[in-house]
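The structure under discussion appears below in the form of structure tokens.
Every number here is computed from the coordinates shown, using simple stated rules; none is lab data. Predicted model, so just to flag it, every value in this text is computed and none were measured. Because the Cβ atoms are built from the backbone with ideal geometry, glycine has one as well, and the counts that use them run over all protein chains shown.
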Amino acid sequence: MATKFFEFTAKTLQGKDVSMEEFKGKTILVVNTASQCGLTPQFEGLEKLYEKYKDKGLVILGFPCNQFGNQEPGDEASIASGCVLNYGVTFPMFAKIEVNGPNTHPIFKYLKERLGGLFGSRIKWNFTKFLLDEQGRPLKRYAPITKPDQIEKDLVKLFSKKAS
């Protein structure tokens, strides 16, 4: 298994393999998403964060997951159109994955090992978020109910460190 975030790859919603190496030097927010969840409106807040800070080096990586209440039942095409039509998402979205159990995607296996949560390393629900610095080091894990605007203060701190 990879020991650094940048050693992983993931498939986009369009089926293209992307190396996390492409995001080296960026501040990264990894989120497991769902388009039919009570927390789905967080897409709007995530997109606002992305728009506001992408020029400072923020990238948000969305990973749809159907493991919680069957809230992401669609295929990649319906996920893509739903994210864009309903929330104007422009940050990278990846193919549907699993975040718990034997088929956990390697990126989430890695993040959960580095940043266990309240329930050990298990992901509790959609919209669990992981913040990584530009070296790909996992810094902080946020609960599903943590709204994107509550993460902004941590981003500002990271960007001010980067600037000095």
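Brief remarks on what is shown
- The label-point distance for R137 and K124, in a model that sets each label 7 Å from Cα toward Cβ, rounds to 2.7 nm.
- Considering helices alone, the calculated mean residue ellipticity of the chain at 222 nm is -9500 deg cm²/dmol, with DSSP H runs of length four and up weighted by -39500 (n - 2.57) and normalised per residue.
- Protection-proxy order for peptides 10-21, 128-139, 98-109, each taking the mean of Cβ atoms within 10 Å per residue, highest first: 128-139, 98-109, 10-21
- Using the average count of surrounding beta-carbon atoms within 10 Å as a protection proxy, the listed peptides 40-50, 147-157 rank, highest first, as 40-50, 147-157.
- Distant-in-sequence amide contacts of I60, defined by a placed amide H-H separation under 5 Å and a gap of 5 or more residues or a different chain, comprise L29.
- Pairs beyond 29 Å (Cα-Cα), from K109/K157; K16/K161; K11/K161; K48/K112; K54/K96: K16/K161; K11/K161
- Couplings 3J(HN,Hα) for segment 4-16, derived from phi with the Karplus relation 6.51 cos²θ - 1.76 cosθ + 1.60 (θ = phi - 60°), are 10, 3, 6, 8, 8, 10, 8, 8, 6, 4, 8, x, 8 Hz, where x marks Gly and Pro.
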